[in-house]
Amino acid sequence: MTQKETQKDKFAFIEAALAQRIQKQQLRSLQPVQPIDAVQVMQRGQSQLNFSSNDYLGLAKHPALIAAAQRYTAEYGTSATASRLVTGTYEIHDQLEAKLASACGREAALLFSSGFQANSTILPILLDRHAVVLCDRLIHSSLIQGILASGARFIRYAHNDLQQLEDCLKTVSNQSYSRIMIVTETVFSMDGDQSDVAALIHLSQQYNAILYLDDAHGLGVLGQGGMGLAAHHPVDLTIGTFGKAFGAFGAFITCSQQLRDYLINCCPGFIYTTALPPAVLGAIDAALSLMPQLEAERQRLMQQAATLRTQLQQLGLDTGTSTTHIIPLIIGAEEKTLRLSQWLAAHNILATAIRPPTVAAGTARIRLALSASHTPDHLSHLIHSLKTWHG
Ligand SMILES: *Cc1c(COP(=O)(O)O)cnc(C)c1O
C-alpha cells in the first residue's frame, strides 16, 4: 500500500459520513454574511433582511455596548490572560456577577464562556450514574451532551407535557436514585413556545427534584425587567446566554451561594478555561444597564410577533405552538422547506431552513426570529413575499 492509500483508509469514516450527508441532502456548509445594521446583512453581494439572528433587541450594534466594549478594552486590555481561579478574575468579573444576581433576584451568579460550555459541563457534576434526569423531549443539544456525559438515567417526557412529567416523578421517587433532576427550557428555540415555570417549580418542590432551567431565549425578552421567565423565582439553577438578546457573548447561571461555591471548585468547564475578556464584559454590562429601560421594545416585539403570527396563519401557514418572538413556519418536507428558504432569499429575506436532526423528522421548518429592530414595513415585506409563494 502506498502512503496515500493508508491515509485514505484512516479517514474512511469521515468520507462515509460526509457522503451520507450529501446523499440525504443534509450536508451543511458555512454561509458568510456581512452585517449592515440591526436587521440587514449582505450575503453573496445581496442585501438581505435578516429573520434568522437571535439579536432580539437589536443590541449587537447598540452604541452603548460598542462604547463599553471599547472602554473596557482600553482600561483592562484584550484578554483576561488566565482562568478565573488563577489571575483571570478582575473586579469587572466580580461586579458583573453581583449585578446579574441582583437583577435576577437570586443569591449568586457565575459567568461561563458560553451556554454550550456551561450546560455540557455543569450537568455532569450535578448528576452521577445513580441519578435520574427527566427532561423535555425538545431540549437543546448542549443539555443533552451534559446529561449523557453524566451517565445518569435519562427519561424524556413529551414536549411541555407536565402530566407525563408528574407521572414520571411519581415513579422515580419510589425508586432508589441518588437524586432526581428536571431539565427544561423556558422558551423553546425551534418552536417559540414557553414552559410553565410556576408549575415546574411546584413539581420540583413536591418531588424534591433539582430544577435546572435554560432561559437562553427568555433572557432579555420576557420576565420582570427582561431578565427572563425564571428570574425572581426559586429555580435551583437557571442559565442565560449573552449571545442572544444581550447582543454580546458568553453565559451565566444564577443559583444559591453554595451551588456557586461548588461550581467554582468542581466544574471543569469553569475551572479549566480562560476567563471572559474585558470587551465582552463591557458589552454585557452595558446591555444589563439598558435592560430595565427596554420595556417598550419588548412590548413592541411581542405585539409585532402576535400580528405576524395571525397574518401567517391567515395565509394558511402552520406556526406550531409559538407564543413568542420565535415563530416557526412548519413545512414538513425538507426539500420544500429548502425551496422556501431559497425563494425567500430571492426576495431579499434571510430565513434559514431548520431540518432534522435539529428538529424531528417531518417537521422541517423556517425559523423566523423577530427583533425589536424589525419595522412594520419589514414584516409586511415578509408577508407580501410569502403571499406570492405557491409551494
Ligand atoms: C443558544 C443556546 C445555548 C448555547 O448558548 P451559547 O452561549 O450560544 O453557547 C444553550 N441553550 C439554549 C436553549 C440555546 O438556545
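The values are calculated or read from the model by the stated rules, or taken from the named source; none is laboratory data. Worth saying up front: this structure is predicted, and the values here are computed from it rather than measured. All Cβ positions, even for glycine, are placed from backbone atoms using ideal geometry, and neighbour counts span all protein chains on display. What goes into the accessible areas is simple: the full protein's heavy atoms, side chains included, and nothing from ligands, DNA or RNA. Shrake-Rupley method; radii C 1.70, N 1.55, O 1.52, S 1.80 Å.
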Open to solvent by less than 70 Å² (accessible area, probe 1.4 Å) and more than 27 Å from the chain's Cα centre (by Cα): which single residue out of Tyr72, Tyr76, Tyr56 fits that description? Tyr76
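Yes/no matrix, rows are residues, columns are (1) open to solvent by 10 Å² or more (accessible area, probe 1.4 Å); (2) away from the ligand (no atom under 12 Å from the Cβ); (3) outside any strand (DSSP E or B):
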| site | (1), (2), (3) |
| --- | --- |
| Ile155 | yes, yes, no |
| Ser178 | yes, yes, yes |
| Gly243 | yes, no, yes |
| Gly269 | no, no, yes |
For the list (1) buried (at least 23 other Cβ atoms within 10 Å of the Cβ); (2) among the hydrophobic types (A, V, I, L, M, F, W, C); (3) more than 10 Å from the ligand (Cβ to nearest atom); (4) not in a loop (DSSP other than H, G, I, E, B), I need the number of the one condition that Ile239 fails. (3)
Does any residue in region 138-156 that is farther than 20 Å from Arg179 by Cβ come within less than 7 Å, Cβ to Cβ, of a residue that is away from the ligand (no atom under 13 Å from the Cβ) six or more places away or on a different chain, and which pairs are these? Leu138/His159
Tally the residues that are open to solvent by less than 40 Å² (accessible area, probe 1.4 Å), part of a helix (DSSP H, G or I) and not small (Gly, Ala, Ser), restricting the search to region 271-311. 15
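Go over the candidates Tyr72, Tyr76 one by one and state the one that is more than 16 Å from the ligand (Cβ to nearest atom), in contact with a Phe, Trp or Tyr (Cβ under 8 Å, 6 or more places away or on another chain) and more than 27 Å from Gly146 (Cα to Cα).
Just one listed residue meets the conditions, Tyr76.
Going by the conditions given, is Asp191 farther than 21 Å from Ile284 by Cβ and within 16 Å of the ligand (Cβ to nearest atom)?
Working: farther than 21 Å from Ile284 by Cβ: yes; within 16 Å of the ligand (Cβ to nearest atom): yes.
Spelling it out, Asp191 is indeed farther than 21 Å from Ile284 by Cβ and within 16 Å of the ligand (Cβ to nearest atom).
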Return the residue satisfying two criteria in turn: it lies in region 196-226 and is more than 24 Å from Leu290 (Cβ to Cβ) and surrounded by fewer than 17 Cβ atoms within 10 Å (Cβ to Cβ), and of such residues it is nearest to the ligand (Cβ to nearest atom). Asp196
Are any of the residues in region 87-101 among the β-branched types (Val, Ile, Thr), touching a strand residue (DSSP E or B) at 6+ places or on another chain (Cβ under 8 Å), away from the ligand (no atom under 16 Å from the Cβ) and not in a helix (DSSP H, G or I)? no
Of all residues in region 127-144, count the ones that are buried (at least 16 other Cβ atoms within 10 Å of the Cβ) and either within 13 Å of the ligand (Cβ to nearest atom) or farther than 18 Å from Leu237 by Cβ (or both). 8
Name the pairs whose Cβ atoms lie under 8 Å apart, with the first residue in region 68-83 and in contact (Cβ under 8 Å) with a residue 24 or more places away in the chain, the second open to solvent by 60 Å² or more (accessible area, probe 1.4 Å), and 6 or more positions between them or separate chains? Ser79/Thr274; Ala80/Thr274; Thr81/Thr87; Thr81/Thr274; Ala82/Thr274; Ser83/Tyr272; Ser83/Thr274
Considering every residue within region 20-36, establish whether at least one is among the small types (Gly, Ala, Ser) and without any contact (Cβ under 8 Å) to a residue 24 or more places away in the chain. yes
Looking only at region 102-113, filter to residues that are farther than 20 Å from Ala80 by Cβ and crowded, with 24+ Cβ neighbours inside 10 Å; which one of those is farthest from the ligand (Cβ to nearest atom)? Arg106
Out of region 51-86, which residues are among the hydroxyl-bearing types (Ser, Thr, Tyr) and in a loop (DSSP other than H, G, I, E, B)? Ser52, Ser53, Tyr56, Thr78, Ser79, Thr81
Using beta carbons and a limit of 6 Å, which pairs, at least six apart or on different chains, have the first residue in region 324-353 and aromatic (Phe, Trp, Tyr) and the second one part of a loop (DSSP other than H, G, I, E, B) and open to solvent by 30 Å² or more (accessible area, probe 1.4 Å)? Trp343/Trp389
Residue count, region 114-125, condition more than 8 Å from the ligand (Cβ to nearest atom), under 13 Å from Leu263 (Cβ atoms) and surrounded by fewer than 23 Cβ atoms within 10 Å (Cβ to Cβ), comes to 2
